[in-house]
Amino acid sequence: MVGALCGCWFRLGGARPLIPFGPLTTRSAMTSKGPEEEHPSVTLFRQYLRIRTVQPKPDYGAAVAFFEERARQLGLGCQKVEVAPGYVVTVLTWPGTNPALSSILLNSHTDVVPVFKEHWSHDPFEAFKDSEGYIYARGAQDMKCVSIQYLEAVRRLKVEGHRFPRTIHMTFVPDEEVGGHQGMELFVQRPEFHALRAGFALDEGIANPTDAFTVFYSERSPWWVRVTSTGRPGHGSLFIEDTAAEKLHKVVSSILAFREKEWQRLQSNPHLKEGAVTSVNLTKLEGGVAYNVVPATMSASFDFRVAPDVDFKAFEEQLQSWCQAAGEGVTLEFAQKWMHPQVTPTDDSNPWWAAFSRVCKDMNLSLEPEIMPAATDSRFIRAVGVPALGFSPLNRTPVLLHDHDERLHEAVFLRGVDIYTRLLPALASVPALPSES
Ligand SMILES: CSCC[C@H](NC=O)C(=O)O
Ligand SMILES: [Zn+2]
Ligand SMILES: [Zn+2]
């Protein structure tokens, strides 16, 4: 461990009461305060949002320095693990009172997706706050809010003098937005990860526009598939037989028919949520050189998200058989193929869920448990046997991750700090599990 220094608090007593708000409409009554009156947690959030950790060239160095400084100020242990050249996982640690118990892992990624600046109302890296209190920035929802909410909850609990039996680790990881292959996927294989002895993890979720909070207990598996079709080339004026395009068209039709079937299944059953069915989109078409030259090769790329209850072997065979049915010379390759879907139980047989859901109940938060439609670092955490929930405490918030004008209201952000301030004591005080005694 390095940097386990005890620093001074930049502000004591973060538990300032929030201005309560009801429906969105009443929020406009809340006028935003001047910078001198801004809640310090919001100021810190906005500072972090200004660090340009934007793909494809994130400034990871600045993010690591930011978290090292947080560790210094909060008196937390700080460890840096370089999982690949230039890809550092920063781990901040608040030791528990009983080192025999497994720890709580609070994960967040530091990178954010690119922007189309011309479609934004404000500079996406300025963290502009409007007069109503909405903070506009890339990463406001996904997921720089969560990183700071973890830190601010820990700060508050530490200031109040609490200690808990279980150690709390906060991991700040690179590379999630491009697949996590240089981030969490490598980190979970490292001795430093195993040394954390994580018993349970929290990671990102998605905002919920209603009063409820969404919590994810599993994920769909990303399968990125490129179908390549080869056929006879020739002059564009002739009826050439066995062309690459005709065969590719057949595969595209089969896959889009499957897409329609899954869409209908989702539409016709109000109990099914997006993550419970398999989705697919045709995302790239490549091939051809000129209008009048029939190409010998064409390809189509698909982004499949396979639901966790699918028989993966049978599904792959289905993909192969669509290619075969299209004719000779049609093959497929995988650019991503996640094969280890895991489900974290959401019943009281899981003591972590029991603790999590009990706090939500006590706080009158209504939870909507779902399967994450996209892929997050949770899949790597669950795959090494650590139960994980995907949770971003953002309700009454439009889903704007990866979108233009991504934004978050400061009151929702601060309410999230309150929520973690209740969740962490409960999770870090879960009694010894059978496997720990
Ligand atoms: C297949 S790895 C890509 C991970 C990415 N995660 C967030 O958006 C996603 O597209 O789901
Ligand atoms: Zn994310
Ligand atoms: Zn994202």
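What follows draws every value from the coordinates through simple rules; no lab data is involved. Owing to the predicted nature of the structure, the values given are computational and were not obtained by experimental measurement. As a convention, Cβ positions derive from the backbone with ideal geometry for all residues, glycine included, and neighbour counts pool all protein chains shown.
The modelled label-to-label distance for the pair Glu82/Phe312, using points 7 Å beyond Cα in the direction of Cβ, is 3.3 nm. Taking a ≥ b ≥ c as the square roots of the eigenvalues of the Cα gyration tensor, the range 198-256 is prolate, since a/c reaches 1.5 or more and a/b is larger than b/c. As an exercise, use a Förster radius of 56 Å and the Cβ-Cβ distance of Tyr291 and His194 to find the FRET efficiency, rounded to the nearest 0.05. About 0.45, to the nearest 0.05.
Enter the angle in degrees (range 0 to 90, nearest 10) between the Cα long axis of helix 40-49 and the first principal axis of the Cα atoms of the chain, meaning the one along which they spread out most. Approximately 30 degrees, to the nearest 10. Could you sort out which of Lys250/Lys284; Lys284/Lys337; Lys250/Lys273 sit more than 25 Å apart by Cα distance in this structure? The answer is Lys250/Lys273.
Once you order the gyration tensor axes a ≥ b ≥ c over the Cα atoms, which shape class does the range 222-337 get: rounded for a/c under 1.5, otherwise prolate or oblate by comparing a/b with b/c? Note, shape of the range 222-337 comes out prolate. With R₀ fixed at 25 Å, the C-beta to C-beta distance from Lys361 to Glu436 puts the FRET efficiency at about 0.50. Quick one: Cα centre-to-centre distance for the range 292-349 and the range 176-200, in angstrom? Between the Cα centre of the range 292-349 and that of the range 176-200, the gap is 26 Å. Roughly what angle does helix 144-159 make with the longest principal axis of the chain, taking Cα atoms, 0 to 90 degrees, to the nearest 10? It is inclined by approximately 20 degrees. For the range 212-307, applying the loop criterion from DSSP together with a ceiling of 14 other beta carbons within 10 Å to the GluC sites (Glu not before Pro) yields Glu241. Cα centroid separation, the range 251-275 to the range 113-131: 34 Å.
Add -39500 (n - 2.57) for each DSSP H run of 4 or more in the chain, then divide by its residues: what number comes out at 222 nm, to the nearest 500 deg cm²/dmol?
-9500 deg cm²/dmol
Would you mind classifying the chain by shape? Square roots of the alpha carbon gyration tensor eigenvalues, ordered a ≥ b ≥ c; an a/c under 1.5 is rounded, otherwise it is prolate if a/b is larger than b/c and oblate if not. Because a/c hits 1.5 or more and a/b exceeds b/c, the chain counts as prolate. Convert 4 °C to kelvin, take the viscosity as 1.567 mPa s, use the Kirkwood radius over C-alpha pairs of the range 301-343 as Rh, and evaluate the Stokes-Einstein diffusion coefficient in µm²/s, rounded to a whole number. Approximately 110 µm²/s, per Stokes-Einstein. Listed values for the range 408-418 are Karplus-derived 3J(HN,Hα) couplings in whole Hz (6.51 cos²θ - 1.76 cosθ + 1.60, θ = phi - 60°), namely 8, 7, 4, 5, 5, 4, 5, 5, x, 5, 4, and x replaces Gly and Pro. Shown here for the range 143-191: GluC sites (Glu not before Pro) in loop regions (DSSP other than H, G, I, E, B) with at most 14 other Cβ atoms within 10 Å, namely Glu160. Amide H to amide H, with H built 1.01 Å from N, His409 comes under 5 Å of Ile135, counting only residues 5 or more places away or on other chains. Modelled this way, with points 7 Å down the Cα-to-C-beta line, the labels at Gln267 and Ala325 are 2.1 nm from one another. GNM remark for the chain: springs join alpha carbons under 10 Å apart, and the peak mean-square fluctuation among Gln55, Gln318, Gln47 falls on Gln318. For the chain, the longest piece that avoids every one of the chymotrypsin sites (Phe, Trp or Tyr not before Pro) found in DSSP loops with at most 16 other C-beta atoms within 10 Å covers 292-437.
Residue separation of Thr97 and Phe239 scaled by 0.36 nm, minus their Cα-Cα distance, works out to 43.3 nm of gained length. Relative to the longest principal axis of the Cα atoms of the chain, helix 60-74 runs at roughly 20 degrees.
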